[in-house]
Amino acid sequence: MASLKLLVWNMEWMNDLFGSDFTFRPDAEKTQHMRSATVKQRREHLSKVINELQPDVMVIVEGPNVSQELQVFFDADVLGTWQCHIQRSPGMTQCIGLAVRTDQGKFASQPFTAFDTLLMPAFAEWRYDLESDGVVEIFKFERSPLYAAIHTAEGNSFRVLGLHLKSKLVASAMEWSRWWENADANRKKILAQALRVRTAFLDEYLRNDETGAIPLVVCGDINDGPGMDSSERRLLGSGMEKLMGEIWFPHLALGNALFDTLSDRDKERLRFDSLSTTSYPDPIFNNTYHQSWIDHIMYTRNKLNWISNAAIHTQMAEGKITGTAYKYSSDHHPISAMLTV
């Protein structure tokens with residue numbers, strides 16, 4: 001059996017690093033979404049984190065929009081030899097990517113098989129009466145999910161579903177009632193997308209004779225955590241908890257690798273204060289920064305004890321990831337877990 005390190009990271013607008021011909025923009029050029037950083041600084045800080053953490057498999061959120069660009073980054077800046085893939089997402093410049101390290105003998109000659117989710121009915125546009133009020137609305141995934149089978153050198157396999165659900169962020173200045181309308185609308189989209197993944201993909205995956213026994217990791221930036229905020233209370237639903245599954249069907253429910261790291265006392269009390277993967281300014285309280293747990297590694301329970309040692313990486317060799325040595329990397333902390341397959 002292989003022991004593999006999975007790293008999941010929202011790398012914040014990687015597309016800013018590239019020009020129109022699958023090459024890096026000039027080193028000294030400022031990046032569009034992180035105006036204080038140059039292309040060279042962002043490349044160096046992103047790669048420093050990856051090289052220190054030494055993953056075998058990476059799921060990249062906010063990657064570039066073509067596979068060639070992600071491959072260029074790993075070939076130029078990351079230690080080892082990698083095979084990379086981006087799930088295409090028409091019209092989007094933030095896409096979900098996969099990178100597998102191939103120079104350490106841990107994977108088959110074809111390390112993964114990627115499935116194009118744009119061709120899968122589960123991830124196509126759908127209609128749904130989310131609030132059970134007789135109003136049927138049209139929903140879609142802004143960023144197409146990534147779905148791939150990973151093949152180990154021993155002949156075993158597991159699958160990965162990478163997600164980047166709708167952002168909660170309302171960044172524009174506007175009158176308060178309209179701000180809340182937009183906030184509620186974003187939560188509706190998160191909830192609808194989570195329900196779609198659960199009912200159209202996960203339940204079918206686990207009930208299907210062909211896939212039901214294959215371990216699956218569901219990971220990425222869900223833009224939601226456990227419990228319900230003010231908008232979710234009005235919708236009577238938490239996107240994160242709908243995604244994980246219903247208590248009525250425990251064999252279909254997902255585990256959460258970071259929840260598993262909590263103390264017994266915090267698990268019993270459902271205290272998640274120690275889990276934070278990013279922070280955001282709260283406009284209601286003069287932009288006071290709040291810590292938030294929105295990046296997740298979840299897993300199916302069709303294989304026992306196959307996920308362990310999950311971690312949120314805040315402290316690196318040269319200091320905190322938000323500090324000087326890594327400050328141009330990302331506004332999210334990377335998370336990891338060990339997989340035994």
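Would it be correct to say that R101 is closer than 22 Å to H332 by Cβ, modelled with pLDDT of 95 or more, more than 16 Å from the chain's Cα centre (by Cα) and not aromatic (F, W, Y)?
When the stated conditions are applied, R101 passes them.
Looking only at the stretch 319-341, which residues are out of contact with any helix residue (DSSP H, G or I) (no Cβ under 8 Å at 6 or more places or on another chain) and outside any strand (DSSP E or B)?
Result: T322, G323, T324, D331, H333, V341.
Those residues that are aliphatic (A, V, I, L, M) and part of a helix (DSSP H, G or I), I need them from the stretch 120-134; list them, please.
Result: A122, single match.
Filter the stretch 268-286 for residues that are out of contact with any strand residue (DSSP E or B) (no Cβ under 8 Å at 6 or more places or on another chain) and surrounded by 13 or more Cβ atoms within 10 Å (Cβ to Cβ); which is modelled with the lowest pLDDT?
Restricting to residues being out of contact with any strand residue (DSSP E or B) (no Cβ under 8 Å at 6 or more places or on another chain) and surrounded by 13 or more Cβ atoms within 10 Å (Cβ to Cβ), the top hit is P283.
Whether any residue in the stretch 48-62 is modelled with pLDDT of 95 or more, over 29 Å from I307 (Cα atoms) and not aromatic (F, W, Y) is what I want to check.
No; the residues of the stretch 48-62 include none that is modelled with pLDDT of 95 or more, over 29 Å from I307 (Cα atoms) and not aromatic (F, W, Y).
Would you be able to say whether some residue in the stretch 250-267 is at pLDDT below 95 and either within 22 Å of the chain's Cα centre (by Cα) or of a type in the set (A, V, I, L, M, F, W, C) (or both)?
No: the stretch 250-267 contains no residue that is at pLDDT below 95 and either within 22 Å of the chain's Cα centre (by Cα) or of a type in the set (A, V, I, L, M, F, W, C) (or both).
Scan the stretch 37-80 residue by residue and report those that are surrounded by fewer than 17 Cβ atoms within 10 Å (Cβ to Cβ), closer than 23 Å to V218 by Cβ and of a type in the set (G, A, S).
Within the stretch 37-80, no residue meets the criteria.
Could you please find all residues in the stretch 317-337 being hydrophobic (A, V, I, L, M, F, W, C) and at pLDDT below 95?
Once the filter is applied, which keeps residues that are hydrophobic (A, V, I, L, M, F, W, C) and at pLDDT below 95, the stretch 317-337 yields A317, I321, A325.
Would you be able to say whether some residue in the stretch 19-36 is crowded, with 21+ Cβ neighbours inside 10 Å and either in a helix (DSSP H, G or I) or modelled with pLDDT under 95 (or both)?
Among the residues of the stretch 19-36, not one is crowded, with 21+ Cβ neighbours inside 10 Å and either in a helix (DSSP H, G or I) or modelled with pLDDT under 95 (or both), which makes the answer no.
Please determine whether any residue of the stretch 299-310 is under 30 Å from T211 (Cα atoms), among the small types (G, A, S), crowded, with 16+ Cβ neighbours inside 10 Å and modelled with pLDDT of 95 or more.
Yes, some residue in the stretch 299-310 is under 30 Å from T211 (Cα atoms), among the small types (G, A, S), crowded, with 16+ Cβ neighbours inside 10 Å and modelled with pLDDT of 95 or more.
The values are calculated or read from the model by the stated rules, or taken from the named source; none is laboratory data. What you see is a predicted model; the values in this text were computed from it and never measured. As a convention, Cβ positions derive from the backbone with ideal geometry for all residues, glycine included, and neighbour counts pool all protein chains shown.
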